[in-house]
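Following: one structure in structure tokens, then a few remarks.
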Amino acid sequence: MNERMHDLGSEPSAIRELFSYGLRRKAEIGPDNVFDFSLGNPSVPAPDAVRRAILDLMEKPASAVHGYTPAQGSPGVRGAVADSLNRRFGTSYTADHVYMTVGAAASLSICINALANPGDEFIVIAPYFPEYRVWIETAGCICVEAPARGDDFQLDLHAIELAVTPNTRGIIVNSPNNPTGVVYPTYDLVELANILRRKQEKIGRAIYLIADEPYREIVYGPTQPAFLPLLFENTLVCYSYSKSLSLPGERIGYVLVPPTMQESRAVYAAVCGAGRALGYVCAPSLFQSVIERCVDEPCDIEAYRANRDALYEGLCALGYECVAPQGAFYLWVRALEDDAQAFSQRAKEHELLIVPSDSFGVGGWVRIGYCVEPQVIRNALPKFADLMHSYHDAPAR
Ligand code: PLP
């Protein structure tokens, strides 16, 4: 067998491991006694329009609903996605710029494979979504970490500039961000675009910005996320309906290859080729049809906002140092000892399941996913108080 694949399969991600532990623990001591903040599984139900669309589609002939579509997705849904983006961002995209995929995971993997040759480098901003490294390295490329700013986890433009080499093929930008919850302000992204243009000029080839946008709609303000193709021409967008429409298990999203990018038609062909090579063709037909009907369905973020406020204010009041979340549904909290894994382990003793930051490429912090029922936060706060007290009684072991 392939040793690398064996290793990847034998060592599930720390996030999934914690989630599995939570399921076992809930069976042991009851679901209300375990506070699982591990996974980014939306707690808000999918909009009713999705349910209605599915019921309506079930009345159609089976072959029209369950049959293969073209590899890149049906023209109907791709046109609907393009039209929706045009209405929102004043662009002029068509179905020919959109490739339907099984979520952002496939979108990112496709983009990396479409753009890169083995040995090329992709820059990620640490802390970062752990699977980026897996996808980059599986494509035979090198994952280059550029740290975010240490205090507020915004872009460190100088660090990014230093990370670019003649082998740089692209940079992945994720805003709103998992795991920190920050949203990058437009002025920083404009400056990032300037840096990338200068570097393209210098190294004499395109550098691609891959905008990973599953949380585009989940924003609390004051900063609104910019639409990156409007700021930097060589941007591809990876989008997913996992979070905005609460459909993570249905595996549906898209890659956008804007016509404004260099060699756009060739890049779109490479995206189709990577989709084919990786087996990501013909995204689930039923959900392509659902998205065609629900593409403009708003994302209800009020439950997440209430959770964010309760958790952020509750933990700050207890003395935890937290990064104020502006988007997504994660709170980034400084661990009470240098070793985030030891901190996460001690939190587990209080039935709090929180992800150590080592999983995201940095030490000393934890991620708390607050896409949970409100009572989970309410009942967890006394546990976080106990956890804090435990450090007063017995500092790091
Ligand atoms: N990118 C980021 C930043 C994510 O947080 C996730 C999922 O949590 C993904 C990509 C993958 O999303 P999907 O479920 O659409 O594959």
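All of the numbers you see were taken from the coordinates with simple rules; none came from a lab. Predicted model, so just to flag it, every value in this text is computed and none were measured. With ideal geometry, Cβ positions are generated from the backbone for all residues, glycine too; neighbour counts draw on all protein chains shown.
Tabulated results
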| read-out | value |
| --- | --- |
| Shape call, the stretch 1-159: gyration tensor on alpha carbons, a/c limit 1.5 | oblate |
| Solution diffusion estimate, µm²/s, Stokes-Einstein, the stretch 236-361, Kirkwood Rh from C-alpha pairs, 4 °C, viscosity 1.567 mPa s | 71 |
| Dipole magnitude (debye, nearest 20) for the chain, charges at Cβ of Lys, Arg, Asp, Glu | 800 |
| For the chain: lysine pairs under 28 Å (alpha-carbon distance), excluding those fewer than 8 apart on one chain | 7 |
| Beta bridges per DSSP with both ends in the chain, % antiparallel, nearest 5 | 45 |
| Order of S390, S92, S74, S10 - criterion: other Cβ atoms within 10 Å of each residue's Cβ, fewest first | S10, S92, S390, S74 |
| Order of E201, E217, E137 under a 10 Å beta carbon neighbour criterion, fewest first | E201, E137, E217 |
| Gained length - A317 relative to R87, 0.36 nm times residue gap less alpha-carbon distance | 78.6 nm |
| Alpha-carbon Rg/Rh ratio, for the stretch 338-383, with Rh computed the Kirkwood way | 1.00 |
| Neighbourhood charge, 14 Å Cβ-Cβ cut-off, centred on R397 and excluding it, Lys, Arg +1 and Asp, Glu -1 | -3 |
| Within a Gaussian network of the chain (alpha carbon springs, distance under 10 Å), most fluctuating of L23, L192, L228 | L23 |
| Value of relative contact order over the chain, rounded to a whole percent, pairs C-alpha under 8 Å and six or more apart | 23 |
| Low-density loop positions, chymotrypsin sites (Phe, Trp or Tyr not before Pro), the stretch 32-111 - DSSP coil, at most 14 other Cβ in 10 Å | Y68 |
| Highest-MSF residue in the chain out of P47, P127, P258 [GNM, Cα springs under 10 Å] | P47 |
| Diffusion constant of the chain at 37 °C, which comes from Stokes-Einstein with the Kirkwood Cα-pair radius and 0.692 mPa s, µm²/s | 150 |
| Shape category assigned to the stretch 81-160 from the gyration tensor of Cα positions, a/c cut at 1.5 | oblate |
| Spatial separation of Cα centroids for the stretch 158-199 and the stretch 10-73, in angstrom | 31 |
| Candidates I110, I203, I123: whichever shows maximal mean-square fluctuation once the chain is modelled as a Gaussian network with Cα springs under 10 Å | I203 |
| Using distinct alpha-carbon pairs, which all enter the 1/r mean, Kirkwood radius of the stretch 219-264 in Å | 12.4 |
| Cα gyration tensor shape for the stretch 139-189, rounded if a/c is under 1.5, else prolate or oblate | prolate |
| Fewest-first ranking of D120, D309, using other Cβ atoms within 10 Å as the exposure measure | D309, D120 |
